[in-house]
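The values are calculated or read from the model by the stated rules, or taken from the named source; none is laboratory data. Values in this document were obtained by computation on a predicted structure and should not be read as measured data. Glycine also receives a Cβ, built like all others from the backbone with ideal geometry; neighbour counts cover every protein chain displayed. To get the accessible areas, we keep the full protein, side chains included, count just its heavy atoms, and leave off ligands, DNA and RNA. Shrake-Rupley method; radii C 1.70, N 1.55, O 1.52, S 1.80 Å.
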Amino acid sequence: MRLLAVVVLLVAAACGASGEDSTAPAAPTATAEIVVPTATAPPPVEPTATPEPRPAPLELLGDGPYGVGSTTLVVGADSDRPLTVEVWFPVDPGLKSEPARYTFVTGDYYESPRALAAGPEQVASSGPFPLVVYSHGSGALRYVHSDYTETLASHGYVVAAPDHTGNTAVERFLDTGDDSSVVAINRPTDVRAVIDAMTDPADPGGGSLAAAVDPERVAVTGHSFGGFTAYASVAGHANEAGTSPPDDRIDAIIPIAPATGARQGSTLLSDAQLAAVDVPALVIVGTDDSTTPVEPNVERAWELTSSAPHYRLELVAAEHQSFTDVCDYVVAYDAGQEVSDAVREVVDTFAGEGCSADDMPIERVKELTNTFALRFLASVFDDAPMIDPADTVAVADIVYAVK
């Protein structure tokens, strides 16, 4: 009886918990079906493609670790062709001196914002340094591209730039220049004379800096007719005015807006002379150059020279005078520096080929020219890596190639 009472109480409690009348007969309970979910295989994971490596940003080089000293020498003073030579060289930072002044035949000048007037005895003691000979354009002067030559010196190069007598701004001003065939022989001859003097401690002109120069590391660079000079110094040159033999001491060249094609009815450099150029080369030019346009000047050199490696850098919207200091002269004279009418007129005329609003900004020209030249020289002399074209694909204002 006690067991039956317990069962009745349990049934009544269950009916009350369900909310139904406890007196109603109990409904049959349904058996709940337990469904066990079947495992579903995860969707296949597609392999993730390895992202293409992004080009490293082009690292632009500014001033180097050295200060810059500038001095004027005379090479071959006792010869029939004495040369006034400007030399820029590394000096220890902190040197105190007056700014270097680059003076024109009229007495007007451009004061360097960086280089200091210094003597050979003040060259940095960490040499010897590679020698770079700079050749100016036709009718220009030895310091016409001082931003470039000074920057090279600040990175540890001795840079020597002769006035090519008979083809300078002085002769242009006086209308006493030499015939172009004579100039074409004299120019590579001048380069040879400068290398001779700068590597010979006994030379009365360049010997004072010879101890700072490494004669086994020599490059030649130049603008316009100076670009011709760089090629002709390596290949040698001959015309009706004479012969200048090749100089096998030259390890590399950087022609800038070079003149190699037709000039006054003749070809400056023959196909055979260009083919004889076999040292590493970096040619730099502006795409909008109308004085020495890319075609035929750069195209001929690119196709014919045997240089290996051979680099080609085109600066979009740069012009012929983009590779000189002319735009800096304009800024200085516009800021109030006194200048004669004659010089101002010449400067304003040349400024139309590089300083106009639709030209590549001159500061951009400087940083690209200096960076590529420095990286190229380091690759030749120090086995440092040269700029890879793959690293410049995102740089919209240059066209860069190597072969």
Exercise. Give the residues of segment 210-225 that are in contact (Cβ under 8 Å) with a residue 60 or more places away in the chain, small (Gly, Ala, Ser) and touching a helix residue (DSSP H, G or I) at 6+ places or on another chain (Cβ under 8 Å), sorted by residue number.
Key: 212, 219, 222, 224
Exercise. Of the numbered conditions (1) over 20 Å from residue 168 (Cβ atoms); (2) out of contact with any Pro (no Cβ under 9 Å at 6 or more places or on another chain); (3) open to solvent by 20 Å² or more (accessible area, probe 1.4 Å), residue 241 fails exactly one; give the number of that condition.
Key: (1)
Quiz item: Which of (1) out of contact with any Phe, Trp or Tyr (no Cβ under 7 Å at 6 or more places or on another chain); (2) of a type outside the set (Asp, Glu); (3) farther than 21 Å from residue 382 by Cβ is the odd one out, the single condition residue 126 does not satisfy?
Solution: (3)
Self-check item: Residue match in segment 160-178 (condition: farther than 22 Å from residue 103 by Cα and in a helix (DSSP H, G or I))
Solution: no
Quiz prompt | Looking only at segment 102-159, and only at residues there that are among the polar types (S, T, N, Q) and assigned to a loop (DSSP other than H, G, I, E, B), the one that is farthest from the chain's Cα centre (by Cα) | solution = 106
Exercise. Kindly establish whether residue 331 is open to solvent by 30 Å² or more (accessible area, probe 1.4 Å), at pLDDT 95 or above and farther than 30 Å from residue 379 by Cβ.
Key: yes
Self-check item: In segment 253-299, the residues that are surrounded by 15 or more Cβ atoms within 10 Å (Cβ to Cβ), at pLDDT 95 or above and small (Gly, Ala, Ser)
Solution: 257, 259, 276, 281, 286
Quiz item: Within segment 375-386, is even one residue among the aromatic types (Phe, Trp, Tyr), in contact with a helix residue (DSSP H, G or I) (Cβ under 6 Å, 6 or more places away or on another chain) and surrounded by 22 or more Cβ atoms within 10 Å (Cβ to Cβ)?
Solution: no
Quiz item: Any idea which residue in segment 76-95 is most open to solvent (accessible area, probe 1.4 Å), counting only those that are part of a strand (DSSP E or B) and not hydrophobic (A, V, I, L, M, F, W, C)?
Solution: 84
Practice problem: Check off (1) open to solvent by less than 30 Å² (accessible area, probe 1.4 Å); (2) touching a residue at least 40 places away in the same chain (Cβ under 8 Å) for residue 207 and give me the number that stays unchecked. | Solution: (2)
Quiz item: Restricting the search to segment 96-147, which residues are surrounded by fewer than 17 Cβ atoms within 10 Å (Cβ to Cβ), of a type in the set (Gly, Ala, Ser) and within 28 Å of residue 171 (Cβ to Cβ)?
Solution: 107, 117
Quiz prompt | helices (runs of 4 or more DSSP H) (entirely within segment 301-403) containing at least 3 residues that are under 30 Å from residue 127 (Cα atoms) | solution = 362-381
Quiz item: With respect to the numbered conditions (1) open to solvent by 50 Å² or more (accessible area, probe 1.4 Å); (2) modelled with pLDDT of 90 or more, which one is the sole condition not fulfilled by residue 53?
Solution: (2)
Self-check item: Where residue 352 falls short, out of the listed (1) without any contact (Cβ under 8 Å) to a residue 60 or more places away in the chain; (2) buried (at least 19 other Cβ atoms within 10 Å of the Cβ)
Solution: (2)
Exercise. Give segment 300-322 a look and list any residue that's of a type in the set (Gly, Ala, Ser) and either open to solvent by 30 Å² or more (accessible area, probe 1.4 Å) or in contact with a Gly (Cβ under 8 Å, 6 or more places away or on another chain) (or both), or say none.
Key: 306, 308, 317, 318, 322
